[in-house]
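Let me begin by presenting the structure, written as structure tokens, before commenting on it.
Every read-out reported here was derived from the displayed coordinates using simple, explicitly stated rules and does not represent laboratory data. For clarity, every value in this text was computed on a predicted model and none was experimentally measured. Cβ sites come from the backbone with ideal geometry, for glycine too, and all protein chains shown count toward neighbours.
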Amino acid sequence: MEIPYAVKPRPDTGLYNAKLGIWLFLASEVMLFGALFSSYILLRVGADPGTWPHHWLNIWLGMLNTIVLIASSVTVVLGWAALKMNQFSRYRIYQGITILCSLIFLCIKSYEYRDKFHHYELPLKNGKIFDGHIVPDKTTKDVITLEGRQVDLHSELMEPPKAGFVPEEREIPMADIDMKGRPLWMFTYGPWHNTYTAIYFTLTGLHALHVIGGAIVIFMIWGPLAKVWKEDPERYTNRVEVSGLFWHFVDLVWIFLFPVLYLL
């Protein structure tokens, strides 16, 4: 039994089944990310003055990732257009660039995550706070070495250091840290650090999972399932189009994430 409208469009919607299905799925994705973005806005608007971080993220890395994803959206369209013109080899090149862009994006995001998990905010028993990145080679069981700055008030950490600031390297004995019954890793800038890092890791982590999922689907169509092109070119082209629609959505989400998290 042949499934109807697997390739040809339905008369009632003008879309073939897979394309109708992806649009319905993307509608649910809009509601998911819409709820998270709304939560972010409410949390930020409701934050007390001086308690919301500004410019904690590397804007240039975020901009580079934005350019990478926009470029990947262009190559997805070019790959689909190449199939429409019966240029399979050119499609393979364009879609290969798309997969490469996804890997570059994930590598940059992994670097940003690693930076946060090596960034500590240590409350000292003298009432001051030392904030900085760990120096692994000089850190021992009894002494943690950080490169950063010391402040008197937590609110000072909400703003980036002033221009011309030079980080100082400090060896801090574990006995001088006010641990408050928590393990040392709890003082890193992970999702447990504060509300901002919690929503940052939630939004970007969920987005990264979508990038991984989209890249896997695109790779499977590009590689192991490429034989479908010889058997049914139109159906193969439709698969590429559907995966491309999902990829455009993933890129669009990042275009909103970049200014909200990195610039505002």
*Along Cα→Cβ, 7 Å out, is where each label goes; now give me the distance between the ones at I212 and K162 in nm to one decimal.*
4.3 nm
_Around G79: net Lys/Arg minus Asp/Glu count, Cβ-Cβ under 11 Å_ = +2
*Paramagnetic reach from F117 (point 7 Å along Cα→Cβ, amide N under 13 Å) across the stretch 47-91*: none
*Name the most mobile residue of P233, P11, P53, meaning the one with the largest mean-square fluctuation, in a Gaussian network model of the chain with Cα contacts below 10 Å.*
P11
*Return the single residue from F117, F25, F37 with maximal mean-square fluctuation; model: Gaussian network over the chain, springs between Cα atoms under 10 Å.*
F25
*Please count, across the chain, the pairs of lysine residues with Cα atoms under 28 Å apart that sit 8 or more places apart or on different chains.*
28
_Just to be sure I understand the model, the point goes 7 Å from the Cα along the line to the Cβ. What's the resulting M186 to D142 distance in nm?_
2.5 nm
*asked:* Counting other C-beta atoms within 10 Å, and keeping those with at most 13, which DSSP coil trypsin sites (Lys or Arg not before Pro) do you find in the stretch 206-264?
replied: K227
*Given +1 on the Cβ of Lys and Arg, -1 on the Cβ of Asp and Glu, and no further charges, what dipole in debye does the chain carry about its Cα centre, rounded to the nearest 20?*
900 debye
_Students often get this wrong: which residues of the stretch 33-63 have the backbone nitrogen under 12 Å from the point 7 angstrom along Cα-to-C-beta of V151?_
50-56
*Cα Rg over Rh - the chain, Kirkwood*: 1.11
*Hey, what does the equivalent ellipsoid look like for the stretch 209-264, semi-axes from the Cα gyration tensor as sqrt of 5 times each eigenvalue, largest first, whole Å?*
30, 11, 5
*Over the stretch 41-144, consider all pairs of different Cα atoms and compute the Kirkwood hydrodynamic radius from their mean reciprocal separation; express it in Å, one decimal.*
17.8 Å
*Taking square-rooted eigenvalues a ≥ b ≥ c of the alpha carbon gyration tensor, is the stretch 119-187 rounded, prolate or oblate, where a/c under 1.5 means rounded and, failing that, a/b exceeding b/c means prolate?*
oblate
_For the chain, built as a Gaussian network whose Cα springs stay under 10 Å, the top-fluctuating residue of Y91, Y120, Y111_ = Y111
